[in-house]
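Report on one structure; see the data block that follows.
The values are calculated or read from the model by the stated rules, or taken from the named source; none is laboratory data. These numbers were taken from a predicted model, which means no experiment stands behind them. Neighbour counts are summed over all protein chains in view; Cβ atoms, including those assigned to glycine, are modelled from backbone coordinates with ideal geometry.
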């Protein structure tokens with residue numbers, strides 16, 4: 001009986017030790033130091049590889065550990081945990097130590113409010129990471145743009161070529177229609193096309209290999225015209241996921257079909273003929289239609305001295321909403337985006353004029369928690385103000401009471 005009691009006390013003691021660790025100051029300070037290092041290294045690395053690549057490398061939930069690379073790719077050899085998982089640990093620490101276990105009294109009201117706001121801010125970051133959609137709009141002077149391409153979404157586009165060799169409007173199979181395929185087969189029928197498409201072996205990231213130079217692995221696809229798809233690890237230095245799949249073209253007249261290998265990296269349509277007409281099929285990033293159009297007026301940028309890396313850039317655009325609104329002029333800077341109907345337009349890249357035409361690259365984001373970080377910071381600031389005000393009042397009260405007693409004596 002005594003042994004059982006001792007074991008129960010030991011287990012309880014161990015549980016309290018674990019709780020103390022996850023709610024303690026040591027863990028909070030460690031997380032904050034790690035986040036500071038991650039922000040510092042990612043800021044330095046962003047100059048070499050760009051914003052989107054840095055975000056994927058340091059802040060994605062897919063990154064467990066990251067080895068910083070600065071000064072043109074030189075490794076620092078300091079493995080750091082990914083910022084996403086550091087924030088998860090910090091959230092647990094804030095909830096346990098700053099909300100649940102903190103003493104509940106009037107003097108700590110401000111501290112509880114601040115901890116709650118910071119925990120909410122971490123949740124907002126998770127929502128942003130998993131629910132936001134990001135795309136890129138590349139704009140040149142003289143053209144109106146009302147669409148972007150999504151970073152993490154692909155599509156299959158089928159187009160007919162006219163007699164002059166120009167593509168007609170494509171038929172599109174969107175990312176959501178094929179993302180769950182893997183080794184399954186799905187058939188797609190088009191009302192105005194004389195063939196069906198069977199899509200299979202869909203992979204998130206692949207490389208196209210020449211069967212004459214590379215051996216096929218057990219997860220590789222079949223050979224098509226001497227090439228096959230080889231699954232690969234996602235390269236964080238790329239701006240997109242290199243999706244790939246196999247497509248079988250099935251003519252409606254019963255004539256022999258054709259197998260086609262598709263990949264985002266190919267970059268041009270694979271052509272085939274059905275019924276004497278020429279068609280093309282390709283796998284670009286999914287088109288994302290915007291509720292506004294953008295006309296680039298001018299873009300201005302500066303390079304770091306002695307380099308071709310942009311240090312500062314901004315664009316002036318004329319934009320029009322989709323409800324017949326009047327045209328508006330707006331200047332977008334690196335930290336000054338444009339917002340419209342839940343869409344945020346950021347200045348993301350800049351190059352010198354190409355063939356006399358100015359260029360600007362915009363990142364477009366739609367995020368259900370777009371303004372919530374600002375609200376959380378205001379609540380946190382209020383909590384800190386209240387906390388320090390109560391501390392000041394308590395201090396002044398202690399300092400004045402002895403003086404009052406001496407006067408009365």
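Inspect segment 72-84 for any residue being part of a helix (DSSP H, G or I), at pLDDT 75 or above and within 23 Å of residue 134 (Cα to Cα) and give the result as yes or no. Yes: one or more hits. Criterion first (part of a loop (DSSP other than H, G, I, E, B) and closer than 22 Å to residue 198 by Cα) does residue 266 satisfy it? Criteria met by residue 266. Of the residues that make up segment 294-304, is at least one within 30 Å of residue 228 (Cα to Cα) and either surrounded by fewer than 19 Cβ atoms within 10 Å (Cβ to Cβ) or touching a helix residue (DSSP H, G or I) at 6+ places or on another chain (Cβ under 8 Å) (or both)? Scanning segment 294-304, I find no residue that is within 30 Å of residue 228 (Cα to Cα) and either surrounded by fewer than 19 Cβ atoms within 10 Å (Cβ to Cβ) or touching a helix residue (DSSP H, G or I) at 6+ places or on another chain (Cβ under 8 Å) (or both), so the answer is no. When residue 256 is tested against (1) at pLDDT 90 or above; (2) touching a strand residue (DSSP E or B) at 6+ places or on another chain (Cβ under 7 Å), exactly one condition is not met: (2).
Residues of segment 269-298 that are without any contact (Cβ under 8 Å) to a residue 12 or more places away in the chain and assigned to a loop (DSSP other than H, G, I, E, B): 276 alone.
Test residue 336 against the criterion of being buried (at least 17 other Cβ atoms within 10 Å of the Cβ) and under 28 Å from the mean Cα position of the chain (by Cα), and give yes or no. Considered against the rule, which asks whether it is buried (at least 17 other Cβ atoms within 10 Å of the Cβ) and under 28 Å from the mean Cα position of the chain (by Cα), residue 336 comes out as no. Listed by position, the strands (runs of 3 or more DSSP E) inside segment 304-383 whose residues that are at pLDDT below 85 number at least 2 are 310-321, 343-354.
None of 155, 159 is closer than 13 Å to residue 283 by Cβ, over 29 Å from the mean Cα position of the chain (by Cα) and assigned to a strand (DSSP E or B) except 159. Only one of the numbered conditions (1) assigned by TED's automatic domain parsing to the domain that holds residue 35; (2) surrounded by fewer than 16 Cβ atoms within 10 Å (Cβ to Cβ); (3) over 30 Å from residue 16 (Cβ atoms) is not met by residue 100, and that is (3). Any residue that is in contact (Cβ under 8 Å) with a residue 12 or more places away in the chain, under 25 Å from the mean Cα position of the chain (by Cα) and farther than 19 Å from residue 43 by Cβ - is there at least one of those in segment 97-107? The answer is no; no qualifying residue exists.
The listed residues are 198, 204, and the only one of them that is under 31 Å from the mean Cα position of the chain (by Cα) and at pLDDT 90 or above turns out to be 198. Among residues that are without any contact (Cβ under 8 Å) to a residue 24 or more places away in the chain and either farther than 30 Å from residue 113 by Cα or loosely packed, with under 12 Cβ neighbours inside 10 Å (or both), residue 320 is not included. For the list (1) crowded, with 19+ Cβ neighbours inside 10 Å; (2) in contact with a helix residue (DSSP H, G or I) (Cβ under 8 Å, 6 or more places away or on another chain), I need the number of the one condition that residue 60 fails. Going through the list (1) crowded, with 19+ Cβ neighbours inside 10 Å; (2) in contact with a helix residue (DSSP H, G or I) (Cβ under 8 Å, 6 or more places away or on another chain), residue 60 breaks only (1).
Taking strands (runs of 3 or more DSSP E) as the structural unit, those lying wholly within segment 162-259 and holding at least 3 residues that are surrounded by 14 or more Cβ atoms within 10 Å (Cβ to Cβ) and touching a residue at least 40 places away in the same chain (Cβ under 8 Å) correspond to 195-203, 206-210, 244-251.
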